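This report concerns only the one structure given below.
The values are calculated or read from the model by the stated rules, or taken from the named source; none is laboratory data. Computed from a predicted structure; not experimentally measured. Neighbour counts are summed over all protein chains in view; Cβ atoms, including those assigned to glycine, are modelled from backbone coordinates with ideal geometry.
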Amino acid sequence: MSSLSFQHPVNWMIAIGLCISLTGCLGSNTKEGADAEKMPTWVMSPPQDNTHLYGVGSAPRIENIALAFSHAEQNGNVQIAQQLRTQVSQVNTQNTQVSSSGHGDEQVSKIQTAYTQITTAPLELEQAVNEQRFAGSKYVYALQSIDRSRIVSKLKTAIVDLDDAIRKQATALTTTGNQAAATQDWQIYMQLIPRFAQRKAYQEELSLYSIQRTLAGRAEADIQAIEQQLNQALSTYGFDVSQTQQANPLASALSKYGLTPKANSVFQLNSQTSQHSETQNGRFYVFEEGTLELIDPTGSRLAAWTVSARGIAKNKDSAAEKATTNWSMQAIEAMFVWLTRLH
């Protein structure tokens, strides 16, 4: 009888191992099932309300659970950002529709072009915070949120303060909205450009977080009137490039910055440049260096900028043309930054 008990010991060991393995599998399935049963509802259905934006992030569960949750929180923040990117597209479409329905398209285009060339200062907004966490057997989850109501309040306050600064600056203008821009007011108008550019940046950001159906941060009538004056001034204050060596490239660069190239106008531009070239590996490298001068209505030099640029092409003439184009763009950029600087 005893020989039957130990006749095939290897088979017994296989059977025992199989039993343990099956028990482990059953235990694992039971654990995952339990995770699924107790998984909080916010994992699949984040909260929705008018005061916050929510995002749920997940990450593989690792031995360092704190690091796993950190990754999940980052992914939750990404989900919030994706929601905002969707709203950005909607806001841009809305703004395009509003702009295209108005009048004075050429002036609006000029001022909007000028705004895009201004580097605006970001406003310190609320950071995303963690609301809840959940650890499953294989993944961890994090519910992130940002308080959109506090962000909206902060942006509205910033816009109000900026509008007050615009009003204060506009009081120094010597003409009213229905009169042509006075030549002596050019500095005031140029310094209004960065203020309105900053306002536009705040307004666009407010539109992302606000739940209002109308355009958030819409300017009051007097602010709109001042902006219209600025539109007219940019068309009135022309820049005469006819005496330069790079008349066409400079005119093109001026237009990119919302400024008007125009003969016999308020400002005159003078340039003095030189070129030299090199060849390398069958390509021409043309370098252009020189100075751009800005002359005021009295004939005095307001400022000057020394700029270097280059152009590369297989053909020397093409390389020289690119060098001139690049030089002109850099020179006008330097002038624009100087004109629009805030004291």
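Details
- Identity of the residue in segment 280-329, outside any strand (DSSP E or B) and among the acidic types (Asp, Glu), that ends up farthest from the chain's Cα centre (by Cα): ASP317
- The residue pairs whose first member lies in segment 327-343 and is over 15 Å from THR244 (Cα atoms) and small (Gly, Ala, Ser), whose second member is modelled with pLDDT under 95 and assigned to a loop (DSSP other than H, G, I, E, B), and whose beta carbons are closer than 7 Å, counting only pairs six or more residues apart or on different chains, do not exist in this structure.
- Some residue of segment 283-304 being exposed (fewer than 15 other Cβ atoms within 10 Å of the Cβ), out of contact with any Asp or Glu (no Cβ under 9 Å at 6 or more places or on another chain) and more than 26 Å from GLN191 (Cβ to Cβ): yes
- Put simply, of VAL337, VAL266 the only residue that is within 32 Å of the chain's Cα centre (by Cα), surrounded by 14 or more Cβ atoms within 10 Å (Cβ to Cβ) and within 25 Å of THR113 (Cα to Cα) is VAL337.
- Any pair with Cβ under 8 angstrom, 6 or more apart, that starts in segment 165-183 at a residue that is among the hydroxyl-bearing types (Ser, Thr, Tyr) and ends at one that is part of a loop (DSSP other than H, G, I, E, B): THR174/ALA182; THR175/ALA181; THR175/ALA182; THR183/TYR237; THR183/VAL266; THR183/PRO297
- Residues in segment 110-134 that are small (Gly, Ala, Ser) and either in contact with a Phe, Trp or Tyr (Cβ under 8 Å, 6 or more places away or on another chain) or crowded, with 16+ Cβ neighbours inside 10 Å (or both): ALA114, ALA128.
- Residue ID - nearest to LEU269 (Cα to Cα), chosen from residues in segment 294-331 that are touching a helix residue (DSSP H, G or I) at 6+ places or on another chain (Cβ under 7 Å) and among the polar types (S, T, N, Q): SER328
- Here the condition is being touching a Lys or Arg at 6+ places or on another chain (Cβ under 9 Å), at pLDDT below 85 and at negative phi; of ASN50, ASN11, it holds for ASN50 alone.
- Restricting GLN87, GLN144 to residues that are surrounded by 14 or more Cβ atoms within 10 Å (Cβ to Cβ), modelled with pLDDT of 95 or more and not aliphatic (A, V, I, L, M) narrows the list to GLN144.
- Look at segment 245-258: where a residue is assigned by TED's automatic domain parsing to the domain that holds ALA114, no partner that is among the polar types (S, T, N, Q) and modelled with pLDDT of 95 or more sits 6+ places away or on another chain with Cβ atoms under 6 Å.
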